[in-house]
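Student: Structure in structure tokens, see below.
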Amino acid sequence: MTLIKSISGIRGTVGGGPGENFTPLDIVKFSAAYGAWLKERGNEKTVVVVGRDARISGGMVSSLVCATLNGMGIEVIDMGLSTTPSIEMAIVREKATGGIIITASHNPIQWNALKLFNQQGEFISGEAGKIILAKADQNDFLFAETLSLGKITQQTDSIEKHIEAVLAYPLVDKKAIQNAGLRVVVDAVNSTGGLAVPALLKALGVEVKAINCEPTGHFAHNPEPLPDHLGAIMTEVPKLQYDLGIVVDPDVDRLVLISEDGSPFGEEYTLVAVADYYLQHKPGSTVSNLSSSRALKDITEKHGQTYYASAVGEVNVVEKMKEKGATIGGEGNGGIIVSDFHYGRDALIGIALFLTHLVKSGVKCSKLRAGYPQYHISKNKIELDSQFDLDDILNKIAQKYSNYSVNREDGVRIDFESEWVHLRKSNTEPIVRIISESPSASTSETISKKFISDIRDIINDK
């Protein structure tokens, strides 16, 4: 069983002992620490938007979070079943002080988490996260007296308002999508995507076949939207001659597509395709993290714009987008961030923009995919004893390859002529992750193995 305390929130496996698992005591402590941090922001009234995905434990966790915040004298707007991007947008719309989405994203059913947002509806900064963790560790918070307790207001329209905003976005061509007569299969892995995605598609005039869309929290398959977990929809789309398959993770911030022939469009290429359409109409720079495909850089430069890379993590992508004035960005896991919509990964705006792009291109999904640069990513890791200094190992790797383009913003990324490799240590385990990319799948795997060998050589030399 596991409890992971990070600068972006707290997540872990439900049940077991406090301090080691995601238990009611831990939930109350971290909710109170977050509430105390919010109250120090100096607002006359502190209001927090709370929502959750459909996980079985979500109702229990939400009750504890809302009651704890009320106990801090904080008013809560309880949105109930929702999505991460819907809550992000609701925070701004409601002029709230902050927000919490209760979701463990792509983690299995036994996990849950508190993800924390600031007043702008964006993930809290690393600095804020450290302050909140310290408050939790030191019990540095006070609860309100009887006459100063907060209250809960129920709202259930966060997804509906999110969809309305998507439909109103200028680059979403509802009429073109409707006229195309698209037929789409949706797999929402039994979470709140089952409420949001079919509703959006129907509003766009798309015929929908829903599988795993009942928000029961009993995930029909591993909730991480990777090809190995998506056999049912990959079979269903070509069998029934649908135009496309759409898959989201439990909190609906990642978008994965299945082409009409049943082949994965590739989660790395969701952002590439949407950026290709977006940049045709709104030129600007782009951002993705250092572990994302080079294809976005290629597409950005094709449109005469500049690409930038950030450290891994949504908050880092957003910070880099703001720093560089980027118009669109995201991560290679199917996360799309449209700066003038809101600064958060959002599968719903991604769906609407992709469908607009698809119908305007006049080609089938598989042909659209074939028109993009062809790269293959290999993802590996090496587990090391905790006695080893991972920073020292990465420093030595950077020194060895100093004749190449080396980026040290987040671990070590080395760019070769046609390939790259990114090595970064885990924040929670003695692990170095090795991600490499090449136009050749075998070359990509060879690169990863070469760097694993380099790491072992460094260890053996000690």
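Student: So Ser105 ticks every box in (1) surrounded by 14 or more Cβ atoms within 10 Å (Cβ to Cβ); (2) at negative phi; (3) touching a Pro at 6+ places or on another chain (Cβ under 9 Å) but one. Which box is left unticked?
Tutor: (2) is the only condition that Ser105 fails.
Student: Can I ask one more? Please indicate, with yes or no, whether at least one residue in segment 403-411 is free of Cβ contacts under 8 Å to residues at least 60 places away in the same chain, assigned by TED's automatic domain parsing to the domain that holds Thr446, in a strand (DSSP E or B) and of a type in the set (S, T, N, Q).
Tutor: yes
Rundown of residues vs (1) modelled with pLDDT under 95; (2) assigned to a loop (DSSP other than H, G, I, E, B), yes/no style:
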| position | (1), (2) |
| --- | --- |
| Glu127 | yes, no |
| His162 | no, no |
| Leu167 | no, no |
| Lys175 | no, no |
| Asn179 | no, no |
| Asn190 | no, yes |
| Thr216 | no, yes |
| Phe219 | no, yes |
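Student: Moving to a separate point now. Of all the residues that make up segment 69-88, how many are part of a helix (DSSP H, G or I) and either crowded, with 24+ Cβ neighbours inside 10 Å or in contact with a Pro (Cβ under 6 Å, 6 or more places away or on another chain) (or both)?
Tutor: Of the residues in segment 69-88, 6 are part of a helix (DSSP H, G or I) and either crowded, with 24+ Cβ neighbours inside 10 Å or in contact with a Pro (Cβ under 6 Å, 6 or more places away or on another chain) (or both).
Student: Let me ask you something else. Before we move on, is Ser339 of a type outside the set (Val, Ile, Thr) and in contact with a Leu (Cβ under 6 Å, 6 or more places away or on another chain)?
Tutor: For Ser339, the condition - of a type outside the set (Val, Ile, Thr) and in contact with a Leu (Cβ under 6 Å, 6 or more places away or on another chain) - is not met.
Student: A further question on this structure: I'd like the full set of residues that are assigned to a strand (DSSP E or B) and not β-branched (Val, Ile, Thr), limited to segment 361-399.
Tutor: His376, Ser378, Lys379, Asn380, Lys381, Glu383
Student: While we're on this one: If only one of Lys135, Lys115, Lys151 is touching a strand residue (DSSP E or B) at 6+ places or on another chain (Cβ under 7 Å), farther than 30 Å from Val256 by Cβ and either crowded, with 19+ Cβ neighbours inside 10 Å or modelled with pLDDT of 95 or more (or both), which one is it?
Tutor: Going through Lys135, Lys115, Lys151 in turn, just one is touching a strand residue (DSSP E or B) at 6+ places or on another chain (Cβ under 7 Å), farther than 30 Å from Val256 by Cβ and either crowded, with 19+ Cβ neighbours inside 10 Å or modelled with pLDDT of 95 or more (or both): Lys151.
Student: Of all residues in segment 399-441 being in contact with a helix residue (DSSP H, G or I) (Cβ under 9 Å, 6 or more places away or on another chain) and among the charged types (D, E, K, R), which is surrounded by the fewest Cβ atoms within 10 Å (Cβ to Cβ)?
Tutor: Arg408
This table checks each residue for (1) closer than 21 Å to Val359 by Cα; (2) more than 22 Å from the chain's Cα centre (by Cα); (3) modelled with pLDDT under 95.
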| position | (1), (2), (3) |
| --- | --- |
| Val247 | yes, no, no |
| Glu260 | yes, yes, no |
| Glu267 | yes, no, yes |
| Ala273 | yes, no, no |
| Thr286 | no, no, no |
| Asp298 | no, yes, no |
| Ser310 | no, no, no |
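Student: Okay, moving on. Name the residue that is surrounded by the most Cβ atoms within 10 Å (Cβ to Cβ), counting only residues in segment 231-240 that are out of contact with any Phe, Trp or Tyr (no Cβ under 9 Å at 6 or more places or on another chain) and in contact (Cβ under 8 Å) with a residue 24 or more places away in the chain.
Tutor: Val237
Student: Inspect segment 74-85 for any residue being under 24 Å from Leu3 (Cβ atoms) and of a type in the set (D, E, K, R) and give the result as yes or no.
Tutor: No: zero hits.
Student: Still on this model: Under 26 Å from Ile87 (Cβ atoms) and surrounded by fewer than 24 Cβ atoms within 10 Å (Cβ to Cβ): is that true of Lys297 in this structure?
Tutor: no
Student: Within segment 202-216, count every residue that is crowded, with 20+ Cβ neighbours inside 10 Å and either among the small types (Gly, Ala, Ser) or more than 30 Å from Asn112 (Cα to Cα) (or both).
Tutor: 2
Student: Just give me the residues in segment 165-203 being under 20 Å from the mean Cα position of the chain (by Cα), aliphatic (A, V, I, L, M) and under 16 Å from Leu244 (Cβ atoms), in sequence order.
Tutor: Val186, Ala188, Val197, Leu200
Student: Considering segment 273-283 alone, what residues qualify as being farther than 16 Å from Tyr169 by Cβ and either assigned to a strand (DSSP E or B) or touching a helix residue (DSSP H, G or I) at 6+ places or on another chain (Cβ under 9 Å) (or both)?
Tutor: The answer is Ala273, Asp276.
The values are calculated or read from the model by the stated rules, or taken from the named source; none is laboratory data. Just so it is clear, the structure is predicted and the values come from calculations on it, not from any experiment. All Cβ positions, glycine included, derive from the backbone under ideal geometry; neighbour counts span all protein chains shown.
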